[in-house]
1. Using the alpha carbon gyration tensor of segment 334-487, what are the three equivalent-ellipsoid semi-axes (square root of 5 times each eigenvalue), largest first, in whole Å?
2. For the chain, what is the number of Lys pairs with C-alpha distance below 22 angstrom, counting only pairs 8 or more positions apart or on separate chains?
3. With only alpha-carbon pairs counted, each pair once and no self-pairs, how large is the Kirkwood hydrodynamic radius of segment 310-370 in angstroms?
4. In the chain, what is the volume of the convex hull around the alpha carbon atoms, normalised per residue and reported in Å³?
5. Add -39500 (n - 2.57) for each DSSP H run of 4 or more in the chain, then divide by its residues: what number comes out at 222 nm, to the nearest 500 deg cm²/dmol?
6. Using the Karplus curve 6.51 cos²θ - 1.76 cosθ + 1.60 with θ = phi - 60°, work out ³J(HN,Hα) for each residue of segment 198-205 in order, rounded to whole Hz, and write x for Gly and Pro.
7. So what are the ³J(HN,Hα) numbers for segment 79-88, from phi and the Karplus equation (6.51, -1.76, 1.60; θ = phi - 60°), rounded to whole Hz, Gly and Pro as x?
8. Rg/Rh for segment 239-279: what does it come to with C-alpha atoms and Rh from Kirkwood?
Amino acid sequence: MSDRYDVIIVGAGPTGAMLGALLGQAGLRTLLTDRASDIYPLPRAAHIDHETVRIFQQVGVVDEIMATSRPAEQYDFLTADRQVLMRFLTKGSPSGWPAANMIHQPSVEAALRNRIAELDDVELQTSWTLIDVSTIEDGVHARFETPDGQRSVKGRYLVGADGASSRVRSLIGASVEDLQFDEPWLVIDMRVQDPARLPQINLQICDPARPTTCVMMGSGRHRWEFMLRPDESPEQALSDAFISTCLAPWNVDGAVVLERKAVYRFHALIAEHWRAGPIFLAGDAAHQMPPFAGQGMCAGLRDAANLAWKLRAVLKGEAKDALLDTYEIERRPHVKAIIDLALMMGRTVCILDPKAAAERDVAMLAQRSTAGPDVAGEGFTFPPLAGPAIFPGPGAGEPFIQPWREGRRWDDVAGDGPWLITTEAVEAMKGLRVFNLSDPDISPFSAAFLSWLAKHNASSVLVRPDRYVFGAGRARELLQGWSTALH
Ligand SMILES: Cc1cc2nc3c(=O)[nH]c(=O)nc-3n(C[C@H](O)[C@H](O)[C@H](O)COP(=O)(O)OP(=O)(O)OC[C@H]3O[C@@H](n4cnc5c(N)ncnc54)[C@H](O)[C@@H]3O)c2cc1C
């Protein structure tokens, strides 16, 4: 146990664990703490998108996670009589992974914790509860309640990844903006015994008598969620009788067995500031959304990937502290767009009034018949990142492509970024990997990159360590821009 860390992370849920893994891989001395003794066991995330799969790839656990994940290619919002209100069809993606992937959150978190156990620079302390944090001259001082009494530790930075009721958020005085969503739902996860009797697509049944979610999970599991009416209590909803009444229309007796259950209130919130000096908020501590887009955990993992490379660059003396201000500048609008999507979906589903539901159905069915049937493509697309750590221009701020060739994935070949991928003659540079497209070693990937460059009318692309495009254009300008962004 050290008495001084580069980064202290409060909360070892998916956000904190991913940040810990990324920082540990970068060789930063990291203390990862959690007040719980083990991984949270109740039903939560069932879906991750391809961009977040790519983050798992970065920390070396993707094959384990994808071995039990199932792709989801169709997501339907249906009326009570099963007419299609909205349909999302997804297939491939720019990262090469399926656009939508069904998972079991505790298994994903276990994979991350196993990875952390391999990293010498990360120390995981469970049953440690943060009590207090204060800013000192060159960092933070944090006090924890531990099984051995109170412990005090120092760090250069502290990240509050301590979930919805974040202590760090209250300690830094960050209030939350309430985006006006508050609905109670019963969530049940089932072990599957006869998969042939279950839907093989994801469904929202917009039935005012009982709004219902029915989605796949990682292999061997299936999820239902049922909205509660105002006269139904959580205790009542968790009873066997209530659950079996809700499941009756699905005719799955004998096909599934209940594994776990919980009642949640689904919220949409965003913290009003995510940084106070050396202290940051990430994941559910910074933002929460209802689960209808399957994006809450994905957003936390994106926070981790965004913050990790910036903390690394600053702590290694390669960038000024101001780079860390771009974390919130970039992440807030991105996550807000995702919350808006989740709210649109939630407000479509969570209607209990039959008259309002009938009006919704008429309006949405009419719109679908004129606007065309489906939202189809490579998964949801979100606004590109912008701010001082992005070089404005074509493709800037978007996730970069990951070609797969001859059984190899580009990110695994290229290793940690940043990368300059170029058709120009550029000397090797410290702190940046230069890939010249005439190099025979990367020839299997060149056609994909040349096509990307041609589409963006550029001779070079500079890709940040989080796999987002810093900018595309002439190498000289990109390198100058990169240097300015860091310094
Ligand atoms: C029903 C449901 C379905 C969902 N479906 C999806 C989905 O399909 N896809 C998706 O991406 N997301 C989904 N989510 C959201 C996702 O589960 C969360 O966004 C995600 O778990 C947040 O991760 P986190 O690490 O930020 O916070 P958490 O997972 O809440 O972790 C916070 C950690 O901090 C610890 N902690 C708290 N206070 C302290 C303290 N004082 N000191 C030390 N440690 C502390 C806690 O013990 C906890 O382990 C769903 C959520 C629900 C409820």
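We did not get these values from a lab; they are worked out from the coordinates using the rules stated. Source: prediction; values computed, not measured. Positions of Cβ are generated from backbone atoms using ideal geometry, with glycine treated the same way; all protein chains shown enter the neighbour counts.
1. On the way: eigenvalues 338, 65, 36 Å².
Sorted largest first and rounded, they come to 41, 18, 13 Å.
2. Lysine pairs meeting both conditions in the chain amount to 9.
3. By the Kirkwood definition, the hydrodynamic radius is 15.1 Å.
4. 153 Å³
5. Computed mean residue ellipticity for the chain: -9500 deg cm²/dmol.
6. Running phi through 6.51 cos²θ - 1.76 cosθ + 1.60 with θ = phi - 60° gives 10, x, 9, 10, 8, 9, 10, 9 Hz.
7. Going residue by residue, I get 6, 4, 9, 6, 8, 7, 8, 8, 9, 10 Hz, with x marking Gly and Pro.
8. My calculation of the ratio gives 1.36.
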